[in-house]
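The structure appears right after this line, and notes come after that.
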Amino acid sequence: MVIALVAQPPYSGRVDDRLLGTQRPLPFSLTGGGSHYEVVRLLAAGSMGTVYLARRTGIGGFARDVALKLAPPRYARTLFHEARILARLGHRNVVQAYDFGRAPDGQHYLAMELVHGRSVRAVLEHAADRQSLLPLGAWLSIGLGAAMGLAHAHDLCDDDGELVGLVHRDVSPSNLLLDHDGAVKVVDFGVAKLGALLSPLPPGPARGCAGYMAPESLAHRDVDLRSDVFSLGVVLYELATLRRAVPAPVRVAGGAQLRSLPIPPTRLIARFPARIEEIIMTAMHPDPRARFQTADALRAAIEDVAELLGVAIGDAPIARTMAAMFGPIRVLDDGCDDSGDGPRRNSGPFDAVEYITIEAEVEEAAR
């Protein structure tokens, strides 16, 4: 079987019929399950739904801005899957869920924490456009925050205290958000793997963004938390080098896998720290047994090397870098220009065309 990998188009201000069944002009209102939302702006569009900036309102003038994800009925189970996972997670490096329900028109919604900032993808695009490497402390801090969020997710237990085997399966620059204070947020658990008794999704590997998927996933073998470690290693490589670790667009045949590692950073960047290269290449080793065995082990390695090299890590380096890149942060769609009115035309190694999903598996998840 050959799986076609389809590029996501630039975001627009309207919703595609294929995603939601109807196109809605903005703004519009949504009411369901006792909650009322004023939807004012498109933030992101994907294969299984859209995310809006919305305001939840209530009695006495109560109001709270949220990120509202909408899915048509055919993807309701996928959204419920994500909502159930997020409801059981509670960590500053994982986006929080506030509400889940169904609107009268049949669309399901998930209200989540609104992150005032940008995605890692936007940071990569900005740096690549200007051919300016990111500060070491900033991108190490991004890796640190993402590893901490993933470690928390991997440690999710059921009511009996048993690990449920949660694997994100779609760790990529688009699914790591950075708020204006420098906090990293892992988002989008829609295709995450859970134990068989907990997961409403049909079985099937190869879900996610192919350029960041572990070899065992591309080869249709079972995945575990080490697959997320691989994906985060790819993100770290790209943050360090501003080069794609895996060229895209690509076409992957069933059983195909990454057979070689990308060019080591020390061969691309003068005076690149060998200790940091070792961490990155270990994280993205083709053999799961040779990687860091947990996200927490990767977290510890990042902290150790930062201490060894005297590099400050944490929220502050990220916040400084984002302020220098983007100025004062407001809610901004990464797919829109700075006015927020229309699609931004990207070019270069991290443009929107190269963020690809596996269409065949997305369709399978809807059945």
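No lab work stands behind these numbers, since they all come straight from the coordinates. Since this is a predicted model, take the numbers as computed values, not measurements. FYI the Cβ positions are ideal-geometry reconstructions off the backbone, even for glycines, and counts take in every protein chain you see.
So if R0 is 41 Å, what FRET efficiency would Thr57 and Ala323 give, r being the distance between their Cβ atoms, rounded to the nearest 0.05? After rounding, the FRET efficiency stands at 0.85. Residues Ser35, Ser231, Ser132 in ascending order of nearby Cβ atoms (within 10 Å, fewest first): Ser132, Ser35, Ser231.
For Asp158 and Arg130, calculate 0.36 nm times their separation in residues minus their Cα-Cα distance, and state this gained length in nm to one decimal. Please list the in-between numbers first.
Details: separation 28, 0.36 × 28 = 10.08 nm, distance 4.65 nm.
Once the chain is fully extended between Asp158 and Arg130, it gains 5.4 nm.
The fewest-to-most ranking of Ile276, Ile269, Ile142, Ile263 by surrounding Cβ atoms within 10 Å reads Ile263, Ile269, Ile276, Ile142. Ordered by the count of other Cβ atoms within 10 Å of each Cβ, fewest first, Glu303, Glu162, Glu125, Glu113 give Glu162, Glu303, Glu113, Glu125.
Taking the square roots of five times each eigenvalue of the Cα gyration tensor of the stretch 118-330, the equivalent ellipsoid has semi-axes of 27, 20, 17 Å, listed largest first.
Got the relative contact order for the stretch 16-112 handy, in percent, Cα pairs under 8 Å and 6 or more residues apart?
Numbers: 182 pairs, mean separation 22.2, N = 97.
Rounded, it is 23 percent for the stretch 16-112.
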